[in-house]
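FYI, it's all coordinate maths here, none of it is from the lab. The structure displayed is predicted, hence computed values, not measured ones. Positions of Cβ are generated from backbone atoms using ideal geometry, with glycine treated the same way; all protein chains shown enter the neighbour counts.
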Amino acid sequence: VLLDKVYKKLTKINKPGFLDDFVIEKVDVGNSVPFLTNPRLSELSPEGSMKVLSDLSYKGSLEIIISTKVNINLGSHFKPREVSLQLSIKVKELTGPLVVIFKPPPSNRLWYTFESEPVMELDIEPIVSSSKLSYNVITNAIKGKFAEAIKESLVVPYYDDIVFYSTTDEIYRGCLLYTSDAADDM
């Protein structure tokens, strides 16, 4: 699920002209889980929709290794070159006010976004032949694009969603079916 989410976000990033498409090589979920603190119910409707506000804090060093190609053009006196490059992108911190929305049944998804732009600390390091190089122009451009991608896809008014109950194999898609016996057990 995480790999699919990351891939979808990467394909939507408006990359600088000198970078080719990103290919995900590895995803390491890091050493901690996100913490949701200060939960508060914002809205609850008789139909079953619910809006919950919370503070999200993640400091677990999620690492994504991607590969791409860099097109280097130093002018008319030099031949343009294409260099393969691996990038280690580490999310050291992601904190901000989170909004989670549950739609009324038969929805099987929850929707989430940040109320305002989150604090995000990224370490981006190019890896070439297992030695780390310092390409400030490339890493700064990518940091900016990642921040822009988060703002344009995960900050109000933009939402993302997660399926919390898979109904792929169910007769009734997108809802839970309760029999009278199941209702009595509740």
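Overview of values
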read-out	value
Length added when fully stretched, E152-I127, from 0.36 nm per residue minus Cα-Cα	6.2 nm
Two-site label geometry, F35 and E47: point separation in nm, points 7 Å out along Cα→Cβ	3.7 nm
Cα gyration tensor shape for region 1-122, rounded if a/c is under 1.5, else prolate or oblate	prolate
Karplus 3J(HN,Hα) series, Hz, for region 73-89 with 6.51 cos²θ - 1.76 cosθ + 1.60 (x for Gly, Pro)	10, 9, x, 6, 7, 10, 7, x, 10, 10, 10, 6, 9, 10, 10, 9, 10
Spatially proximal lysines relative to K103 (Cα-Cα < 20 Å; intrachain offsets below 8 disregarded)	K51
Two-site label geometry, D160 and H77: point separation in nm, points 7 Å out along Cα→Cβ	4.6 nm
Amide hydrogen neighbours beyond the local backbone of R109, cut-off 5 Å, H modeled	K103, F164
HN-Hα J in Hz across region 51-66 - Karplus 6.51, -1.76, 1.60, θ = phi - 60°, x for Gly and Pro	10, 10, 9, 7, 9, 9, 9, 10, 9, x, 6, 4, 10, 10, 10, 10
